[in-house]
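The values are calculated or read from the model by the stated rules, or taken from the named source; none is laboratory data. The model shown is predicted, which means the values in this text are computed figures rather than measured ones. No Cβ is skipped: glycine too gets one built from the backbone with ideal geometry, and neighbour counts run over all protein chains shown. With ligands, DNA and RNA removed, areas are computed over all heavy atoms of the protein, side chains included. Shrake-Rupley method; radii C 1.70, N 1.55, O 1.52, S 1.80 Å.
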Amino acid sequence: RERVRAMFYHAYEHYLESAFPYDELRPLTCDGQDTWGSFSLTLIDALDTLLILGNVSEFQRVVNVLQEGVDFDIDVNASVFETNIRVVGGLLSAHLLSKKAGVEVEVGWPCSGPLLRMAEEAARKLLPAFQTPTGMPYGTVNLLHGVNPGETPVTCTAGIGTFIVEFATLSHLTGDPVFEDVARKALKALWKNRSDIGLVGNHIDVITAKWVAQDAGIGAGVDSYFEYLVKGAILLQDKELMSMFLEYNKAIKNYTKFDDWYLWVQMYKGTVSMPVFQSLEAYWPGLQSLIGDVDNAMRTFLNYYTVWKQFGGLPEFYNIPQGYTVDKREGYPLRPELIESAMYLYRATRDPTLLELGRDAVESIEKISKVDCGFATIKDLRDHRLDNRMESFFLAETVKYLYLLFDPDNFIHNDGSVFDVVITPYGECVLNAGGYVFNTEAHPIDPAALHCCRKRKEEQWEVEDLMREFYSLKKNKKFTLKRASGHGEGESAKDPEDAPSEKGGEKRNSKKSSHSLLSCPSQSFNSRLAVLGQVFLDNA
């Protein structure tokens, strides 16, 4: 764990020293470059990792730097997918962790806050991409002008189906349903266009819904679509999303799985098109563990681990029958996916083999890719040549999952035994109880936060109007105030109207009530308004 911490700071401090405010560090020349849109991307991506490592002071400093320095109103063509998972996801995660990091949050948090406003602004810049006949988004958008007139309509499957985690979180926190709506529409469009044998291809035309690349598999171009069906289902408790994934899972097992490897097949016929393992596929065992399929997950993980041991990393492509790398795909850009799966599976099994993978990863990365100014992408695993790039996901994902693998007591692994209660404009809210859902860039989202702000803005204004009316009437002594019976310790409800409400047959103790301030049991607003355990009666 301490070696992983040292890795993080070696990379992070050299980014700040040599590359900030550019997106990424170039570790061989000790300078920086913009790659995904000029957002100081490594800083956004590394922010929640700082807190996971326990560095609250640097977290607080970076929050201030980002508020002052990041501008999305720029004439830049940005990847819709990458901007969402790295920028929107990173800002949302940091927003929800702000209070834990000791940031002085504004009144109304987590339903408001500067990082949430930045995440919303970035996401709004992506919305024009979704304005297509199918609801599936373009792959690129200009942050100032929207979709360029000559933009290609061909987008990869993952670039269409990897929005529900961030966009649903935004909708629940801000009260604006547009984000979740466009994400769901895109997910369902892919589902509607699956083949008769239940598979999706790699690239599709978002205007005509015709499949352009018809290779079906679990890796590059498709991967996070399947991941977000599962994680979206968990985050939103959505049975429809989970049933969609389980149907895909059957087809994947039937047509692409051979001896615990997953190949690429033709999406309409199921015939093998590429007998190749891609390093991006190594997320799959972790995803299997999330649905409880741990035995299959471990068998596949062990296959992938043999490849790691062969090369000291996972080549981008590995020819399974030949047992070797594929030409021009021999590199390893310090990807996190195998480590991510090890972290999930270790939580599920405590199998020490998974810690061995973690140790091997630390030693490989230190031995092969560490340079004076950070950690460099491995251009070729056969001879360990390096490339002049350190992707932001190295600090967002690779280091984070390694650290969490070796830190069983980290707050991220909380089992619900400790939590925070915050008061929002909508009532009491439990946060930081655990169960974090990682987006595909390893930014943890607290699922409880989605229940803190779920009343729409219109209803908020409605209750504010009612409160104003009440206070003006109270001033005129037309209202009297009394404690609601049943709220004190050991008291019972003396009046049927004061009894705990029943919802779905479940009686709720009013002291422990989780309904929002807008839910007044069995009485309409004009005759009774309950606020924080007090009931105001109209005596007129």
### Message
Cβ-Cβ under 9 Å, sequence separation 6+ or interchain: first residue in segment 338-356 and touching a residue at least 24 places away in the same chain (Cβ under 8 Å), partner among the charged types (D, E, K, R) and not in a helix (DSSP H, G or I). Which pairs?
### Response
345/351
## Note on the structure
Turns out the helices (runs of 4 or more DSSP H) fully within segment 267-357 with at least 2 residues that are at pLDDT 95 or above and surrounded by fewer than 15 Cβ atoms within 10 Å (Cβ to Cβ) are 294-311
### Query
Just for segment 419-448: of the residues that are of a type in the set (D, E, K, R) and out of contact with any helix residue (DSSP H, G or I) (no Cβ under 8 Å at 6 or more places or on another chain), which one is nearest to residue 222 (Cα to Cα)?
420
### Query
Hey, among 489, 428, 464, which residue is part of a helix (DSSP H, G or I) and at pLDDT below 95?
464
### Task
For segment 390-405, state whether one or more residues are surrounded by fewer than 17 Cβ atoms within 10 Å (Cβ to Cβ) and modelled with pLDDT of 95 or more.
no
#### Entry: Output for segment 159-205, where each listed residue is part of a helix (DSSP H, G or I), open to solvent by 10 Å² or more (accessible area, probe 1.4 Å), in contact (Cβ under 8 Å) with a residue 60 or more places away in the chain and not β-branched (Val, Ile, Thr)
172
### Summary
Quick count over segment 393-409, residues being farther than 17 Å from residue 352 by Cα and touching a Gly at 6+ places or on another chain (Cβ under 9 Å), is 2
### Hey, residue 170 hydrophobic (A, V, I, L, M, F, W, C) and either closer than 30 Å to residue 59 by Cα or within 19 Å of the chain's Cα centre (by Cα) (or both) or not
yes
### Task
Find the residue count for segment 324-337, including only residues that are more than 27 Å from the chain's Cα centre (by Cα) and either touching a residue at least 12 places away in the same chain (Cβ under 8 Å) or under 12 Å from residue 279 (Cα atoms) (or both).
4
### Message
Testing residue 379 on (1) of a type outside the set (Ser, Thr, Tyr); (2) open to solvent by 70 Å² or more (accessible area, probe 1.4 Å); (3) touching a helix residue (DSSP H, G or I) at 6+ places or on another chain (Cβ under 9 Å); (4) outside any loop (DSSP other than H, G, I, E, B), one condition comes back false. Which one is that?
### Response
(3)
### Task
Kindly check whether there is at least one residue in segment 61-72 that is under 16 Å from residue 183 (Cα atoms), more than 19 Å from the chain's Cα centre (by Cα) and open to solvent by less than 10 Å² (accessible area, probe 1.4 Å).
no
### Query
Taking segment 9-46 on its own, how many of its residues are outside any loop (DSSP other than H, G, I, E, B), within 24 Å of residue 77 (Cα to Cα), touching a residue at least 24 places away in the same chain (Cβ under 8 Å) and open to solvent by less than 30 Å² (accessible area, probe 1.4 Å)?
9
### Summary
Exactly one of 439, 414 is more than 29 Å from residue 27 (Cβ to Cβ), open to solvent by less than 50 Å² (accessible area, probe 1.4 Å) and not hydroxyl-bearing (Ser, Thr, Tyr), and that residue is 414
### Which listed residue is touching a helix residue (DSSP H, G or I) at 6+ places or on another chain (Cβ under 8 Å) and over 29 Å from residue 364 (Cα atoms), from 232, 313
232
### Query
Taking interchain pairs and intrachain pairs at least six residues apart, which have beta carbon atoms under 8 angstrom, with the first residue in segment 109-138 and over 22 Å from residue 184 (Cα atoms) and the second acidic (Asp, Glu)?
112/106; 113/106; 114/106
### Message
Can you find a residue that is surrounded by fewer than 21 Cβ atoms within 10 Å (Cβ to Cβ) and either in contact with a Lys or Arg (Cβ under 8 Å, 6 or more places away or on another chain) or without any contact (Cβ under 8 Å) to a residue 24 or more places away in the chain (or both) anywhere in segment 215-231?
### Response
no
